[in-house]
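The next block holds one structure in the form of structure tokens; read it before the comments.
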Amino acid sequence: MNLTWFKNKLPALLFVFVFFMDVVQTQILFYSPQKFFPSFLAKFCLLIFFLIVSFKENRRYLLLIGLLFLFFLIGQLTLSQFEIEALRMTGMFFNYTYIFILIFGFNRIVNTEEKIKNLQKAFLFVIGLVLVSMVIGSIFDINSFKTYYYRFGYKGILNKSSDASYFLMIVFIYIQTFKKQIARYKLFLATTFLCCVLVGTKAPWLFFLLAFSIGLWTKKLKINKKYFLASLVILPILIVLVYLLFKKIIDKTMLNFYKLYEDEGIWAVITSKRSTKFTELFAYYKNDWNFLNYLFGGKYGHILSFEYAFFDMLIMFGLIGFALYCALYYKIVIKSFSNFPKYLLYTMIFVAIVVGQFFINTNMALFLSVLVILQRKNHIGLS
């Protein structure tokens, strides 16, 4: 193994290594009571490495992230019922800002045509592996591949249901962005839609409905009439086949949803009870927060999140920190995309407002950061 080969493979190796450490951790925690966190160690090491290699050219952004951290500390320290647990929210702060460091780092080390090609191959390999694991999980009913214990759904080798939902959205954005470079585009797209049925979450379908509607309205999405009509026939057949194969567990799932509808209404069903949680948490913070908390935030460690992305950010950073975080996210993440995939990214962010668990999801930050780099480097003609 020579040094040039290693340098050319390094971005791809880092991406695959960190991803597989999360897979290993997920399976270990599912099958063993022992607490072992290789994923945390891998992500932490990657964070430090990327900070070192990208510090010089991103000092201004890192200074703003440091200012955001200062705002966060002010908010936490001024909570009326301050507790040491509140300072442990520092870990969540790094979850929020992890994607920025990943983009800085990958942008710094992905600097040749060979590296971008290797990273793209690794990205496709991992995507294929996850999609196949969802299908295999559904065929063999593998417990650790299930999205939920109590209802239908298979997330494959991913960690959580939110991981699976956002993963499928990111895959769709990737497919639409690079469809001219994908050898078996139609098969890839069909497998993605199949996995959207198998995963058992509502978020991907909300994303596709909005993306399709916006794409038609703005004429950004070009529809092949032949394939569109074929999909109108094939998709219902596919859904019926999945229902027949998993009738027992799907019927149980639908019964649970119906009971929830009777008890708490349709909005509780649509949001998976997030609406009830929102009402309770909103009342708590409204009664507890002081003026500084409204400006700089303040999240209690023992209290769950809203699971509505923007409200969780407001609790975390306050009005001032929220504005700064959104500005950073726009400059570092969104602005990297060209016009076509940008509307898909906005659609995914809109879904996150309802679903939550997006901006703090370090696993999806890894996928999205690689997508940003692939889109940016291809857009400027590096590959």
Fill in the blank from the handout: Scanning region 38-53 for residues that are over 17 Å from Ile109 (Cα atoms), among the aromatic types (Phe, Trp, Tyr) and surrounded by 14 or more Cβ atoms within 10 Å (Cβ to Cβ) gives Phe40
Practice task
Could you check Leu62 against (1) of a type outside the set (Gly, Ala, Ser); (2) under 30 Å from Val24 (Cβ atoms); (3) touching a Phe, Trp or Tyr at 6+ places or on another chain (Cβ under 8 Å) and say which number it fails?
Solution key: (2)
Problem - Every residue from region 125-143 that is modelled with pLDDT under 95, surrounded by fewer than 22 Cβ atoms within 10 Å (Cβ to Cβ) and not in a loop (DSSP other than H, G, I, E, B) - result: Ile139, Phe140, Asn143
Completion exercise
Taking region 111-166 and keeping residues of a type in the set (Phe, Trp, Tyr) and in contact with a Phe, Trp or Tyr (Cβ under 8 Å, 6 or more places away or on another chain) leaves Phe123, Phe145, Phe152, Tyr154, Tyr166
Practice task
Of the conditions (1) in contact with a Lys or Arg (Cβ under 9 Å, 6 or more places away or on another chain); (2) assigned to a helix (DSSP H, G or I), Phe152 clears all except one; give me its number.
Solution key: (2)
Completion exercise
Result of the Cβ filter at 7 Å on region 322-343, keeping first residues that are closer than 16 Å to Asn378 by Cβ and surrounded by 14 or more Cβ atoms within 10 Å (Cβ to Cβ) and partners that are charged (D, E, K, R) and modelled with pLDDT under 95, at least 6 apart or interchain, is Ser336/Arg376; Phe340/Lys220
Completion exercise
Taking region 79-124 and the residues there that are of a type in the set (Ser, Thr, Tyr) and farther than 19 Å from Leu63 by Cα, the one that is modelled with the lowest pLDDT would be Ser80
Problem - Wholly enclosed helices (runs of 4 or more DSSP H) of region 15-97 bearing at least 2 residues under 20 Å from the mean Cα position of the chain (by Cα) - result: 38-54
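Select from region 109-167 the residues that are polar (S, T, N, Q) and over 17 Å from Asp22 (Cβ atoms) and list them in ascending order.
Within region 109-167, Asn111, Thr112, Asn118, Gln120, Ser138, Asn143 qualify.
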Fill in the blank from the handout: For region 164-189, the count of residues that are under 24 Å from Ile360 (Cβ atoms) and either touching a Lys or Arg at 6+ places or on another chain (Cβ under 7 Å) or not in a helix (DSSP H, G or I) (or both) equals 1
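Against the definition (in a loop (DSSP other than H, G, I, E, B), touching a residue at least 24 places away in the same chain (Cβ under 8 Å), farther than 30 Å from Gly298 by Cα and aliphatic (A, V, I, L, M)), how does Leu119 come out, yes or no?
no
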Handout entry: Contacts under 9 angstrom Cβ, first residue in region 165-192 being among the β-branched types (Val, Ile, Thr), partner surrounded by fewer than 15 Cβ atoms within 10 Å (Cβ to Cβ) and part of a helix (DSSP H, G or I), 6 or more apart
Key = Ile175/Tyr185; Thr177/Phe340; Thr191/Gly128; Thr191/Val132
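The values are calculated or read from the model by the stated rules, or taken from the named source; none is laboratory data. Predicted model only: the values in this text are computed from it and were never measured. Ideal geometry is used to build each Cβ from the backbone, glycine not excepted, and the neighbour counts take in all protein chains shown.
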